[in-house]
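Trainee: Pasting in a structure now, in structure tokens, and then I'll have a few things to ask.
The values are calculated or read from the model by the stated rules, or taken from the named source; none is laboratory data. Just so it is clear, the structure is predicted and the values come from calculations on it, not from any experiment. Cβ sites come from the backbone with ideal geometry, for glycine too, and all protein chains shown count toward neighbours.
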Amino acid sequence: MDVTVETLERSARIPSESIRGLSSEDLSRPTPCADWDVRALLSHLVMGNVMSAARLSHGELPDPNSDFLGDDPSAAYEASVRDMVTAFRREGVLDETFQHRFLGNRTGQELLRIRVMDSIAHGWDLAAALDHPRDREPELYQQVLEYARPMVASLGSSGNEHFAAPQEAPDGASPADQYAALLGRRVPT
């Protein structure tokens, strides 16, 4: 199943809804991602968007240890989404092959899927950390579940330490909670 840039734009709105109106106190709240508070999670999300835009544009990749948020995390996130979407819209980019530092050679289409998966995963993490609704865009989460299951299974078998083992989702869990459990999050009942 091919994913579109419009899917990416929808997925980017999920974290955006939680990011708007963050207070400085919110940035230090813990998240479901081990060792990451909200600020570190946002930095990771913005870094992924910035790296994707640079990679797809054949630009120089920024230092992953850079400060990607500055004084306005919401503005940094929105700018990173705009740049990433622009890069994914470039003619022919989805058919090109790019080097990814963890995943090896991937097509633009595969990188698009990964950005969608990352956006909605961390959108769920932010919602959980900030006590916001976790079940936004249920149709999108259901769509992503269909192609995420085999990808997550292959990542788990590769011994990649960046991904937690899948967890059991509670009975009747929403597609968003099912997706979070697939990615190793403990879903509240």
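Trainee: Mind listing whichever residues of region 38-89 are among the aliphatic types (A, V, I, L, M), surrounded by fewer than 17 Cβ atoms within 10 Å (Cβ to Cβ) and assigned to a loop (DSSP other than H, G, I, E, B)?
Mentor: Leu61 - this is the single residue of region 38-89 that is among the aliphatic types (A, V, I, L, M), surrounded by fewer than 17 Cβ atoms within 10 Å (Cβ to Cβ) and assigned to a loop (DSSP other than H, G, I, E, B).
Trainee: Could you list, in sequence order, all residues of region 20-37 that are out of contact with any strand residue (DSSP E or B) (no Cβ under 8 Å at 6 or more places or on another chain) and either among the charged types (D, E, K, R) or buried (at least 22 other Cβ atoms within 10 Å of the Cβ) (or both)?
Mentor: Of everything in region 20-37, those that are out of contact with any strand residue (DSSP E or B) (no Cβ under 8 Å at 6 or more places or on another chain) and either among the charged types (D, E, K, R) or buried (at least 22 other Cβ atoms within 10 Å of the Cβ) (or both) turn out to be Arg20, Glu25, Asp26, Pro32, Asp35.
Trainee: On to the next question. If Gly92 passes every condition in (1) at pLDDT 95 or above; (2) crowded, with 16+ Cβ neighbours inside 10 Å; (3) out of contact with any Leu (no Cβ under 9 Å at 6 or more places or on another chain) but one, which one does it miss?
Mentor: (2)
Trainee: Name the residue that is surrounded by the most Cβ atoms within 10 Å (Cβ to Cβ), counting only residues in region 128-149 that are within 15 Å of the chain's Cα centre (by Cα) and not in a helix (DSSP H, G or I).
Mentor: Across region 128-149, the extreme among qualifying residues is Arg134.
Trainee: May I pose another question? Could you pull out the residue among Leu45, Leu22 that is within 18 Å of the chain's Cα centre (by Cα) and not hydroxyl-bearing (Ser, Thr, Tyr)? Full working, then the answer.
Mentor: Numbers: Leu22 fails: within 18 Å of the chain's Cα centre (by Cα).
Of Leu45, Leu22, the one residue that is within 18 Å of the chain's Cα centre (by Cα) and not hydroxyl-bearing (Ser, Thr, Tyr) is Leu45.
Trainee: Kindly list the number of the only condition in (1) modelled with pLDDT of 95 or more; (2) assigned to a loop (DSSP other than H, G, I, E, B); (3) small (Gly, Ala, Ser) that fails for Ala169.
Mentor: Every condition holds for Ala169 apart from (1).
Trainee: Residues to consider are Val46, Val116, Val93; find the one that is in contact (Cβ under 8 Å) with a residue 60 or more places away in the chain and among the β-branched types (Val, Ile, Thr). Give the derivation first.
Mentor: On the way: Val46 fails: in contact (Cβ under 8 Å) with a residue 60 or more places away in the chain; Val93 fails: in contact (Cβ under 8 Å) with a residue 60 or more places away in the chain.
The match here is Val116.
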